[in-house]
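Read-outs: derived from the displayed coordinates by stated rules, not from any lab. The structure displayed is predicted, hence computed values, not measured ones. Note that we place each Cβ from the backbone using ideal geometry, even for glycine, and neighbour counts take in every protein chain shown.
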Amino acid sequence: MLRIIISPYSRQLRNGGDNAKNWPKKYWVELVKTLKEKGNHITQIGRSGEEKIDGVDDIKYDLPLVELGVLLDSCTTWISVDNFWPHFCHLHNKPGVALFAQSDPNIFGHSENVNLLKDRKYLKDRQFDIWEYCPYIEEAFVTPSEVIGALSGRFDK
């Protein structure tokens with residue numbers, strides 16, 4: 001059994017729009033269901049107000065950094081969109097899977113992680129521009145089966 005942390009959301013946009021970094025919720029539900037069928041334990045982390053992904057075992061909102069570190073130490077791996085979490089995990093030397101769509105993993109990813117990008121054609125032109133100007137493109141993301149494939153064999157113990 002793997003103990004997996006998921007961090008499904010990037011920050012809420014100031015204009016209220018959909019953040020282009022957020023993997024589709026239906027993909028999270030499918031991924032969690034598949035991982036649970038394989039006997040894994042899934043903990044979701046995030047901030048108050050973020051929607052719970054159906055099927056997770058635990059949800060932890062608003063944890064202080066010290067508690068996030070303890071939780072990270074207890075997991076086998078993690079899966080996250082391009083947000084704070086992959087950078088935090090990098091500082092703690094804990095590799096995982098980072099999901100990219102329109103931000104460039106060559107700029108914002110870490111080499112120890114599995115950085116999944118469907119196609120560079122979806123990368124936004126101005127990588128350092130604010131996300132409020134970036135449209136949400138669902139087809140820019142890899143599928144749940146590609147995430148499962150990235151996990152297969154890598155974390156088997």
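Things to note:
- 10 Å Cβ shell holding at most 14 others, DSSP loop, GluC sites (Glu not before Pro): longest site-free stretch of the chain: 52-111
- For the chain: lysine pairs under 14 Å (alpha-carbon distance), excluding those fewer than 8 apart on one chain: 8
- Cβ charges +1 (Lys, Arg) and -1 (Asp, Glu), total dipole of the chain, debye: 140 debye
- Overall dimensions of segment 1-71, expressed as equivalent-ellipsoid semi-axes from the Cα gyration tensor (√(5λ), whole Å, largest first), are 21, 17, 8.
- Farthest towards the positive end of the charge dipole of the chain, among the residues Ser74, Gly46, Asn19, is the Cα of Ser74, using unit charges on the Cβ of Lys, Arg, Asp and Glu.
- For segment 53-157: relative contact order, % (alpha-carbon pairs under 8 angstrom, 6 or more apart): 21 percent
- Thr34/Ile137 FRET efficiency (R0 30 Å; Cβ-Cβ; nearest 0.05): 0.80
- Label-to-label distance, Ile107 versus Gln127, with points set 7 angstrom from Cα along the beta-carbon direction: 0.5 nm.
- The label-point distance for Arg14 and Ile148, in a model that sets each label 7 Å from Cα toward Cβ, rounds to 4.1 nm.
- Rotationally averaged projected area of segment 36-85 (alpha carbon convex hull; nm²): 3.9 nm²
- Unit charges on C-beta of K, R, D, E only; dipole of segment 91-157, Debye: 240 debye
- Isotropic mean projected area of the C-alpha convex hull, the chain (nm²): 8.8 nm²
- Computed [θ] at 222 nm, helices only, for the chain once each DSSP H run of length n ≥ 4 contributes -39500 (n - 2.57): -7500 deg cm²/dmol
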